[in-house]
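Chemist: I'd like to ask you about the structure that follows.
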Amino acid sequence: MKKIAVLGAGYMGSAITFPLAENGFDVNLWGTWLDDNIINSCIKGKHPKLKKLLHKNVNLYHSKDLKKSIIDRNIIFIGISSEGFLPVFKKLLESIKDIKEDYIFFTLTKGFIYHNGKVKQLSSTAKELFEEKFPRKKFKWASVGGPVKAVELADHIPSLSIYGINSSEIKKLAKLFSTDYYRVLTSTDVSGVEICSALKNIYAIAPGICDGLYKSTREGMYHNFNSILFNQGIIEMSKIVYRIVGNKNTVFDLAGIGDLYVTAQSGRNRRLGELIGKKIKPKEAYQMMYDDGEIGEGYNTLNLAIKWLDQLDKNLLKELPLLNSLNNIIFKNYNPDLELKNLVKDYF
């Protein structure tokens, strides 16, 4: 039986244990210092967010037991929020004692991180840290994307995920994760998949704002507006990915259109947008969700994405009117209704 460690006991970290455990993998699920209550709940019964019992092949570990959770496991899934990724990954590297085997990292984390004075992609930072500690070892990495909602995955609703991989060995391994309801495809465009996974959380806020503005009074009567924002989000994602990676095809597949569609339909970032559309201050909306145990990652990802793009190409920001409008709404307190209407009026 192959052994896997999953770091992060929130929605996605816990949900991925279902197809892994059902395929016969022995899975250690470790919770961060924010997840101890989740682990306690799972020990007593159901996962508090997924509302389900975890599989019998899943072993539970509290935050103090990171080293124990990765013993004899070189396949590691990371399901940590982008804000917590860096401290957890550093702790993980410090906990790795035996490097005789090659470690393979699968990240479910979406977003950017701030490291050494710059905003960077997760994969590049992880590679840098890994090679500093293990300079003679190959860095094996997969960025997991695609339209997969955690609750639906745990409920065995058919889902298709795209793994951006940097090794042919990972392609063979990833196929072993597939079940009849969770299918895995692979792509060599690691950065494209990763960037799409981060950006879709930002652009999904825009349709959420429409929900906040119109849902209570004009249910089903603002699809035109939503389609404009969705379409513009895809256009801007393709411009960014093409500028960084040189291949925008990834955007027009599961990692881009597919993932943005499901995130814009439902989920935490759509909800964040809805609260903002209801005239709740963005910072307050983010905090309200956080206090309820929900993280609207698009909030911090937007802040970092603006800085990341500014580092790379200031001129590119001028070609991203929806991204700039969302930045105006969320961090400059522009009126969300007027800002999005002016976007349509002035840009098209």
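The values are calculated or read from the model by the stated rules, or taken from the named source; none is laboratory data. All of these numbers come straight from a predicted model, not from anything done at the bench. Note: ideal-geometry Cβ built from the backbone for every residue, glycine included; neighbour counts use all protein chains shown.
A quick yes/no check of all residues on (1) within 28 Å of Pro48 (Cα to Cα); (2) of a type in the set (S, T, N, Q):
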residue: Val148; (1), (2): yes, no
residue: Lys171; (1), (2): no, no
residue: Ala204; (1), (2): yes, no
residue: Asn224; (1), (2): no, yes
residue: Asn231; (1), (2): no, yes
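Chemist: Now, a different point. Are any residues in region 210-247 hydroxyl-bearing (Ser, Thr, Tyr) and surrounded by 15 or more Cβ atoms within 10 Å (Cβ to Cβ), and if so, which ones?
Modeler: Matches in region 210-247: Tyr214, Tyr222, Ser238, Tyr242.
Chemist: Given the criterion in contact with a Lys or Arg (Cβ under 9 Å, 6 or more places away or on another chain) and crowded, with 20+ Cβ neighbours inside 10 Å, identify the matching residue among Thr250, Thr263.
Modeler: From the options Thr250, Thr263, the qualifying one is Thr263.
Chemist: Still on this structure, please answer the following. With the requirement that a residue be part of a helix (DSSP H, G or I) and surrounded by fewer than 19 Cβ atoms within 10 Å (Cβ to Cβ), what does region 151-165 give you?
Modeler: Selection gives Val151, Glu152.
Each row is one residue, and each column tells you yes or no for (1) among the aromatic types (Phe, Trp, Tyr); (2) closer than 29 Å to Ile157 by Cα; (3) touching a Ser or Thr at 6+ places or on another chain (Cβ under 9 Å).
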position: Ala264; (1), (2), (3): no, yes, no
position: Glu284; (1), (2), (3): no, no, no
position: Ile295; (1), (2), (3): no, yes, yes
position: Leu302; (1), (2), (3): no, no, no
position: Leu309; (1), (2), (3): no, no, no
position: Leu312; (1), (2), (3): no, no, no
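Chemist: Next question. Six or more apart or on different chains, Cβ under 9 Å: which pairs go from a residue in region 280-301 that's closer than 24 Å to Gln121 by Cα to one that's of a type in the set (Asp, Glu)? Could you list them?
Modeler: Ile295/Glu83; Glu297/Glu83; Asn300/Glu83
Chemist: Another question, if that's okay. Going by the conditions given, is Arg243 in a loop (DSSP other than H, G, I, E, B) and either in contact (Cβ under 8 Å) with a residue 24 or more places away in the chain or of a type in the set (D, E, K, R) (or both)?
Modeler: Spelling it out, it is not the case that Arg243 is in a loop (DSSP other than H, G, I, E, B) and either in contact (Cβ under 8 Å) with a residue 24 or more places away in the chain or of a type in the set (D, E, K, R) (or both).
Chemist: Taking the options Glu284, Glu274, name whichever one is charged (D, E, K, R), crowded, with 19+ Cβ neighbours inside 10 Å, modelled with pLDDT of 95 or more and more than 19 Å from the chain's Cα centre (by Cα).
Modeler: Glu274
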